[in-house]
Each structure stands twice: as structure tokens, then as C-alpha cells.
Amino acid sequence: MRESGILLPVSALPSKHGIGKLGKAAYEFVDFLSGAGCRYWQVLPLTPTSYGDSPYQSPSCFAGNPYLIDFDLLAERGWLSAVDYEGLSWDSDARTIDYALLYQQVTPVLRIAYTNFAKRKPSDFKKFCAVHRDWLADYALFMALKDAHGGDPWNEWEPELALCKKDAIAEAKKIYKTDIEFYQFVQYCFFTQWEALKAYANGRGICIVGDIPIYAAYDSAEVWAQPKLFQLDDEKKPIAVAGCPPDAFAVTGQLWGNPLWNWDALAKDGFAWWLDRIGFTLKLYDVVRIDHFRGFEKYYSIPYGAETAEHGKWVKGPDYALWKAAKAQFGEMNVIAEDLGNITPAVERLLRRTGFPGMKVIQFAFDSDAENPYLPHNFATTNCVCYTGTHDNHTLRGWVKSNAKKTNTYAMEYLGAKSPKKLPKAMLRAAWRSTARIAIAPMQDFLNAPPSDRINTPSTLGGNWVYRTETADYSTKLQAKIRKLNETYGRLNQPTEEKTAPAKRRRRTGKPAASSAQEEV
């Protein structure tokens, strides 16, 4: 079966409240996907953002992002009134996210909701906390302590708390009992809304593609509460950190700074923590993209304190042992392996052993010659996912603008495009026409969005993860064009059964929306 999808973070959905939410616009986007004949919505990580506003640097490997909680849905439950949030200024630009403003304003609104919630707690709240206690207890305490310390990272707290001394933790649980329950409530709201949205999407024939970032942030509940999972010394300082070696794109390499997993310790109990994480994520999404898949075969280890990634080394990872254990526990898994970057024969063997589809990115196809593995005629298997670009790439328009002339010339010759301006549309068609079982493009590429609309520029700080769409972008004209693309190349998703959500959360697509000036397929 040939299928297709659109990559769009929840944060990029239209919203009156500064960032995309899990409410009305999310349900409307599901309707848009269904009407366009797509099968997949790729949402990227849903975890809270921290350093650099990136969900790949999160205070938790499990928690949901509080910014995505929909206030209108909380109001429906009687926990908020419109006056609690409608009178606030959430942004100055409907197409960008102001994270500083969200940081200042979201928590006070959620505190109001918590006060009303606490007056009469739902009967399923206690069960939610019990089901998620393996990660939620540590996370809620961690966040309560961060608040008590003015948001400072845990390694700047007093030693007794930073090192999780038993007596200090017991005392903190008493002192911050209400704050701990607040953070449990926030997660209850997030997962209640997410599960309802996912059920609606599945009922419309849409599958959700999520993400497992390979590394945890140093300032996270996992590193703080479970240091034995990581390569840390007795004072919980990293011994080495993650990154990538120098290459043509980064002459000093990429220094990510995340602590590295202690794979030897993890292997002793059969990778139990990682299996819990995989199992949790398989329930959260329908398909899981595994970030930086090559890091399971070998990972790049950089001495802690190094200013660049130039002097790191490759170290053997768990390789197939982790995925063998996962298959024994979960059976066949719907997984996409992010197999980009320095892919060795050993990584290729690991991919074959798992059977997971890898990724083919059209933007990488035209910088060499006819042997380039990302050119569609070189796809060695249909068991792959063809992307026009990922969240770390230019928009297609931005890619064309940034290229050397010979790259665009070769792309035009290969794709039959008469000018560089025609390349974005031709690249979309090439992805859909390819033999890959699944074709996915970022929403920006369907909108022919400018370079400024890219989601993330790796190894940079500022201006990332701020992209937002507006309601006018989702016109019926664009929806029809995407549907035609799916029909033409045999990727049309036609679910046999359609479940309906409450009418107030539905939007019929029969009435045309305003058209977008950027729109092009």
C-alpha cells in the first residue's frame, strides 16, 4: 500500500493563544488531512520545550507540553472562564511563537484551572496518576522544585536536593505537595486532550507519527532522578556528552551537550527503562520515528567540557540487542528509523535486521551525481519513507535559494523543471512519484513557504521552532490539489469507516476557506 502524510508540529497550528493547541484547529487539520487523502500526520515530539525552545531538549522524556493544552477545552470542563485567558495578549505576530510570553502567561492560566479542578477532582485523575506513576512522580516533583528555585537547573540546587538525598526528597514532597499535584494535573489535562484528538484522527483514517529523541536533556527529571541511566560521575556531572563529528556542513562538528546513555548499565536489566519508554511511545502514537538511529550502533562521545565536537570518538552502542528485546516484548513495531548522516555498513546491517523503514530526503539528492542514494531511481527498497525535507531542513523555496547554481541545474535536468522557481513543485511530485511506500512533506512545502518559515536550523540558537500557520493556509483549493497528487501517484487514503466527534469540534470542508497567497502544489 502506498501512502502519504504531512509533517506539521502541533505548535504550528493556527491559534488565538500564541501557539498551536490540541483543540479546534487540531481537529480541523485532521479533517483537512482526511479530505486531502493523506494517511499520516507527523507531529514531532510533544514533550515540553526548554533550552532553545526545542522539544529535543526537554525536562522530560515522557511529559506532554503544557503550552499545547487547549484553554477552550478546559473552559468546557468548567475549570476556566473566557476572562481568564481571552483578555491576555498572546502574540504580536500570528505567524510566529513568542516563547518568552508563553513562559510568563501559560502557567498562571493553568494555575487558575487547577484551583477550580481541585474543588472537585474528576474520578479518573487518581487512576491517571497511578498509571503514569513511573515517570510522573519524579517529573512533578522535579518541576515543583524548579519553580521553588526560580527555574534554575537542578545542578544549581542545594546539594541535598541536587543529589536526591532521601531525607531531603521526603521533606520536599511534604513542602511542595500542592505544587506536585498541580504538575500532575497539567499532565492529566494534556494527555486527556491528546488521547481524544488521537482517537478522532484514527476515526477519520489518520495515523499519528510521533518521535523518540535519542538523548535526554541534562536538566531533565530523568538525569536528576535516575543518574545511573547515564554516563555521570559521583557528583552527577557528565563524563562525556553527545554530538556529531566535523563534516562539510559543520567544520568543528555539532556539540549537542546531552549526557550519554550508560548502555552497559542499561543492558544489565535487559534495557528495562528503554523498553518502558518505547512501550509508552508506541501507545502515544501510531507510528514512531526513532531520532538519530545510527547512535544505537555507534554514538559519538565528546569529552565533557570540550568547546567543540572536534575531539570526540565513536563508541559502540547497544546495536541490535535493544531492538531484539523490544521485538520480544512488543512484537512488530510501526517504526521509522532516522538513518541520516554518517551511515556505515554496520548501521545498514542494523537497519536490515530491524526491518524498520529508513528515510530518503529529496533535498539531499542533487549535490553529487547519478549515484546519489537519495535520488528516487536509486531507492533500493520500497520499505522507506521519502521526505521532501525534515524539520531540520530548509523549506523547498529556501533550499533552492541557498543552492549553488550547479545543484539547481542538475535538479532541474533530473526533475524536468524549466526554472529554479519550478523546483519546489517538481520535488513534491518526485517524492510522491517515488517507489517509497510512504511520502511525507512539511506543510511549508505544500504552501511554497519562504526560507524564513523553516522550523529549525541545527546548531543555532534563536528563531527556531517559532513557525506557525494561519487558518487561511488550509484552503479547500490546496486540499483538492493534495488529494489530486495522492490520486495521481496511487497514495490516496480512503478510510472505510468514519467516526464523528461532537459537532462543536468539527469543521465541514465543503465551504471554501480563504485562499493563501503562498499556496502552490
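Residue-wise HN-Hα couplings along the stretch 163-180, as the Karplus relation 6.51 cos²θ - 1.76 cosθ + 1.60 with θ = phi - 60° gives them from phi, are 9, 6, 5, 3, 5, 5, 5, 4, 5, 4, 4, 6, 5, 10, 4, 5, 5, 4 Hz; Gly and Pro carry x.
Per-residue Karplus couplings for the stretch 128-136, computed as 6.51 cos²θ - 1.76 cosθ + 1.60 with θ equal to phi - 60°, are listed in order as 4, 5, 5, 4, 9, 4, 4, 10, 5 Hz, Gly and Pro entered as x. Once backbone amide H atoms are built at 1.01 Å from N, Arg39 has Ser4, Gly5 as its partners under 5 Å, excluding neighbours fewer than 5 places away on the same chain. Of the peptides 162-173, 49-60, the order by per-residue mean of other Cβ atoms within 10 Å, starting with the highest, comes out as 49-60, 162-173. Given H placed 1.01 Å from N in the peptide plane, which residues other than close sequence neighbours of Val241 have an amide H under 5 Å from its amide H? Residues meeting the amide H criterion: Ile302, Tyr304. Approximating the spin labels as points 7 Å out from Cα along Cα→Cβ, the Glu487-to-Arg133 distance works out to 5.5 nm. A Förster distance of 35 Å, applied to the separation of the beta-carbon atoms of Glu156 and Thr344, puts the FRET efficiency at 0.35. A Förster radius of 22 Å combined with the Cβ-Cβ distance from Asp392 to Arg95 puts the calculated FRET efficiency at roughly 0.65. For Val335, the residues whose modelled amide H falls within less than 5 Å of its own, excluding neighbours fewer than 5 places apart on the same chain, are Val288. Excluding same-chain neighbours fewer than eight residues apart, the aspartates and glutamates reachable from Lys477 by a Cα-Cα span under 20 Å are Glu28, Asp31, Asp445, Glu487, Glu519, Glu520.
Relative to the current alpha-carbon distance between Thr382 and Val251, full extension at 0.36 nm per residue lengthens the span by 43.7 nm. Counting only DSSP beta bridges whose two residues both lie in the chain, roughly 35 percent are antiparallel.
Rg over Rh for the stretch 313-420 works out to 1.05, using Cα positions for both radii and the Kirkwood form for Rh. Working from label points 7 Å from Cα in the Cα-to-Cβ sense, the Ser459 to Asp276 distance is 3.6 nm. Size descriptors for the stretch 360-469 (Cα atoms only): Rg and Dmax, in that order, 13.5, 38 Å. One chain, two ends: Asp234 and Asp369. Fully extended at 0.36 nm per residue, the span grows by 43.5 nm beyond their Cα-Cα distance. Pairs spanning more than 27 Å between alpha-carbon atoms, out of Lys198/Lys228; Lys360/Lys422; Lys236/Lys316; Lys126/Lys174; Lys16/Lys127: Lys198/Lys228; Lys16/Lys127.
If R0 is taken as 45 Å, the Cβ-Cβ distance between Thr409 and Asp147 corresponds to a FRET efficiency of 0.20.
Can you compute the label reach from Glu307? Point 7 Å from Cα along the Cβ direction, backbone N cut-off under 16 Å, restricted to the stretch 234-264. Once the point is set 7 Å along Cα→Cβ of Glu307, 251-255 turn out to lie under 16 Å by backbone N, inside the stretch 234-264. Can you pull a Stokes-Einstein diffusion coefficient for the chain at 20 °C (1.002 mPa s), Rh from Kirkwood over Cα pairs, as a whole number of µm²/s? My calculation gives 89 µm²/s for D.
Modelled this way, with points 7 Å down the Cα-to-C-beta line, the labels at Phe125 and Met1 are 4.0 nm from one another.
None of the figures in this text is laboratory data; all of them are computed from the coordinates on show. Just so it is clear, the model here is predicted, and its values are computed rather than measured. Reconstructed Cβ throughout: ideal geometry from the backbone, glycine too, with neighbour counts over all protein chains shown.
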